[in-house]
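Read the structure below first, then the notes.
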Amino acid sequence: MAATTTSPSADPAVLQVDGGRPARGSRGRRRVLMAVAGGVIALVFVLPYLVMLIGSFKSRAEILQVPPTYLPQEWLPSNYVDMWSTPETPLPYNLVSTIVISVCATLLVLAVAAPAAYYTARFRFPGRLVFLLLVLVTQMLQPTVLAAGLFRQFVTLGINDTWLAMILVNSAFNLSFAVWIMHSFFAAIPRELDEAAALDGASRLQILRRVTMPLVWPGVVTAIIFTFVACWNEFAASLVILTTAENQPLSVALTKFVGQYESAWQYVFGVSIVGIVPVVILFALIEKRLVAGLTAGAVK
Amino acid sequence: MTTQTETRPVRRHSRRPRGGSSRWGTLGRALPWLGPTLVLIAGVVFFPAGYMAWTSFRDLSQFGVDNGPAGLDNYTRLLEFTALSRVLTNTVVWVVGVVVVTVLISLGLAQFLDKAFPGRRLVRLAIIIPWAASVVMTTTVVYYGLDPFYGIINAFFVDIGLLDRPYGFTRNAVPAFLTAMGIAVFVSLPFTTYTLLAGLQTIPTDVREAAQMDGAGSWATYRRIILPLLRPALAVATIINIINVFNSLPILQVITGSIPGYNADTTTTLIFKFIRADRQIDTASALSVVNFLIVLAVILVYLRVVRPMRED
């Protein structure tokens, strides 16, 4: 991969080459046709989650009814209350687990990746490229490939089945993206700015905090949200490493509702909605920057 | 630490230490900044990778007790595993099928979303949902919807006349595997489309507009002008997809997990069957090593044959 440092086109205005041209005649009709096609595409992508939302309001009897109903005969918002106390899984614990693991891992990634991204973007030193390549290689190794090794390592260390283990796994495997995206944002900032601050007697850490950070904030936010969502949805490593029901995140807990013979689908969907809505909102917030970030971090 | 700022401000890109004697000093100054990253990567990525490779040559009991060296026993046990050829074939079909279909659809989607039309932002937001949503959750709702008895998607297919009666998509290995491939494409589309969209944005607007205006030979223009310029984005999208799809566990776990036998397994799901069902950490480690080598080989072959980085 062409792992050179490039400046991100962080300006959203450049990315939204939108609606600039006037619509007249056949072009106007084409735009309407495209809007219709766009609506159909959007519907396809939303549909599974619509099924989820509607299903979460059905009663247990109705959701297993043959033939199925499209809309609930009786809407049961109480599912969203009842699902927190079921014999299948201790859901409140699972939610706490998910939040603790995701928040801690994200903070750890930020604390570890930001200095590395800053330093590699600002200074040349022997081993700089080796370091950046090393980080890139971790992108190729996923927790799934290493599950057996991670499991054995954590058993040996005595931290298997703990939040700490999952915080470490999540942060290590999301480090790569965070370093690369922040690196490209740092590299885009004119060096003269640092120098001016240094002449005024600011220390390196002060420069980082007061001068550089505000400018790379978009990159940092993108890295935070991207990491957070990845940790929130992590499944494979949690499945192997977290064996106690109370420690498991929502993604693993959810599968407990699906039994060989009897499934509490209404709760599966309720939990899914609770798990999906916050991250979709987070992701939507960085939608424009996502394109910029991918251009900066990956494409060039 | 502030000494480095004293280098000449003329240098545009990065500062280089002057003279050979300060090389180690520079490296020493870099360490506090890079150290935490190095420790985390070494401890949680490279160490377990090495430990796993080592475990693949050891004889482990089901309870994790190390019974000494096993030579190549774990690897021979893999070779003697009767379903191995089926699992390997499945893996190839899974990776190639999902990645090719994903990239083709995404090329169309990206091209479409690059054009201006009313409501484009909403469509882009809708496409993001499967990316943000947990794959387990997306897969589970499809699994429910395809149930032959109470499944709402199955009922819908019957109602619009696509099927005569509900079909057990998830009941047998082959249709379940194909269904899982469909879901894998669905959840891979957002990332791929966005990467290609990002690639399209790097192409100068006048080039893109010229290509769009040229109505008659628009396909030829696309193939000759846009596609070559998209090459780097296409390469990144394809490689990341190969890695992700190859390592994908939850889709097959949910859709085909209850089907007995190994007819719907890939090497990745087989690893987890070894770990979870049989507690064979040693064999699982051997298979993981093989798995990693396969990913590496696939990517190298891809880079070699497709030459995505070629400038033309």
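Summary of computed values
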read-out: Residues that are in contact (Cβ under 8 Å) with a residue 12 or more places away in the chain and assigned to a helix (DSSP H, G or I), drawn from the range B:50-85; value: B:MET52, B:ALA53, B:THR55, B:ASP73, B:ASN74, B:TYR75, B:ARG77, B:LEU78
read-out: Candidate set: the range B:58-81, residues that are away from chain A (no Cβ under 13 Å) and touching a Phe, Trp or Tyr at 6+ places or on another chain (Cβ under 9 Å); chosen: the one surrounded by the most Cβ atoms within 10 Å (Cβ to Cβ); value: B:ALA70
read-out: Any hit, the range B:45-60, residues being at pLDDT 85 or above and of a type in the set (D, E, K, R); value: yes
read-out: Which numbered condition B:ALA116 fails, given (1) assigned by TED's automatic domain parsing to the domain that holds B:THR205; (2) under 19 Å from B:ASN291 (Cβ atoms); value: (2)
read-out: 2 or more residues more than 25 Å from A:PHE283 (Cβ to Cβ) and modelled with pLDDT under 80: qualifying helices (runs of 4 or more DSSP H) within the range B:182-278; value: B:205-213, B:218-221
read-out: Residues satisfying the stated conditions in the range A:52-76, i.e. crowded, with 20+ Cβ neighbours inside 10 Å and in a helix (DSSP H, G or I); value: A:MET52, A:GLY55, A:ILE63
read-out: Unmet requirement for B:VAL96, which otherwise passes all of (1) in a helix (DSSP H, G or I); (2) without any contact (Cβ under 8 Å) to a residue 60 or more places away in the chain; (3) buried (at least 18 other Cβ atoms within 10 Å of the Cβ); (4) not polar (S, T, N, Q); value: (3)
read-out: In the range A:91-106, the residues that are crowded, with 20+ Cβ neighbours inside 10 Å and either among the aromatic types (Phe, Trp, Tyr) or closer than 19 Å to A:ILE273 by Cβ (or both); value: A:LEU91, A:ASN94, A:SER97, A:THR98, A:SER102
read-out: Residue check for B:TYR262: over 23 Å from B:ASN172 (Cβ atoms) and more than 10 Å from chain A (Cβ to nearest Cβ); value: no
read-out: Residues located in the range A:108-137, provided they are within 7 Å of chain B (Cβ to nearest Cβ), more than 25 Å from A:TRP217 (Cβ to Cβ) and part of a helix (DSSP H, G or I); value: A:LEU134
read-out: Residue match in the range B:137-144 (condition: surrounded by fewer than 17 Cβ atoms within 10 Å (Cβ to Cβ) and not in a loop (DSSP other than H, G, I, E, B)); value: no
read-out: Selection from the range A:138-176 of residues that are in a loop (DSSP other than H, G, I, E, B) and touching a Phe, Trp or Tyr at 6+ places or on another chain (Cβ under 7 Å); value: A:GLN142, A:ASN160
read-out: Positions within the range A:213-224 being over 16 Å from the mean Cα position of the chain (by Cα) and surrounded by 24 or more Cβ atoms within 10 Å (Cβ to Cβ), in sequence order; value: A:VAL216
read-out: Cβ pairs under 7 Å, 6+ apart, first in the range A:145-156 and farther than 11 Å from B:ALA53 by Cβ and facing another protein chain (nearest Cβ under 7 Å), second among the hydroxyl-bearing types (Ser, Thr, Tyr) and part of a helix (DSSP H, G or I); value: A:VAL145/B:SER288; A:ARG152/B:TYR51; A:ARG152/B:THR55; A:GLN153/B:TYR51
read-out: Boolean, B:LEU88 is outside any helix (DSSP H, G or I) and either more than 8 Å from every other protein chain (Cβ to nearest Cβ) or modelled with pLDDT of 90 or more (or both); value: no
read-out: Residues satisfying the stated conditions in the range A:146-172, i.e. modelled with pLDDT under 90 and either within 20 Å of the chain's Cα centre (by Cα) or small (Gly, Ala, Ser) (or both); value: A:ALA147, A:ALA148, A:GLY149
read-out: Breaking point among (1) closer than 25 Å to B:PRO130 by Cα; (2) more than 31 Å from the chain's Cα centre (by Cα); (3) in contact (Cβ under 8 Å) with a residue 12 or more places away in the chain, for A:PRO68; value: (3)
read-out: Lone unmet requirement of (1) facing chain B (nearest Cβ under 10 Å); (2) under 16 Å from the mean Cα position of the chain (by Cα) for A:TRP180; value: (1)
read-out: Only one of B:ILE251, B:ILE240, B:ILE275 that is surrounded by fewer than 24 Cβ atoms within 10 Å (Cβ to Cβ), β-branched (Val, Ile, Thr), within 11 Å of chain A (Cβ to nearest Cβ) and in contact with a Ser or Thr (Cβ under 8 Å, 6 or more places away or on another chain); value: B:ILE240
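Here's the yes/no breakdown for (1) out of contact with any strand residue (DSSP E or B) (no Cβ under 7 Å at 6 or more places or on another chain); (2) buried (at least 24 other Cβ atoms within 10 Å of the Cβ); (3) not hydrophobic (A, V, I, L, M, F, W, C):
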{"residue": "A:VAL211", "(1), (2), (3)": "yes, no, no"}
{"residue": "A:PHE226", "(1), (2), (3)": "yes, no, no"}
{"residue": "A:ALA230", "(1), (2), (3)": "yes, no, no"}
{"residue": "A:ALA236", "(1), (2), (3)": "yes, yes, no"}
{"residue": "A:LEU242", "(1), (2), (3)": "yes, no, no"}
{"residue": "A:ASN247", "(1), (2), (3)": "yes, no, yes"}
{"residue": "A:TYR261", "(1), (2), (3)": "yes, no, yes"}
{"residue": "A:PRO278", "(1), (2), (3)": "yes, no, yes"}
{"residue": "A:LYS288", "(1), (2), (3)": "yes, no, yes"}
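The values are calculated or read from the model by the stated rules, or taken from the named source; none is laboratory data. In this text, all values refer to a predicted model and were calculated from it rather than measured experimentally. Cβ coordinates were reconstructed from backbone atoms using ideal geometry, including for glycine residues, and neighbour counts include every protein chain displayed.
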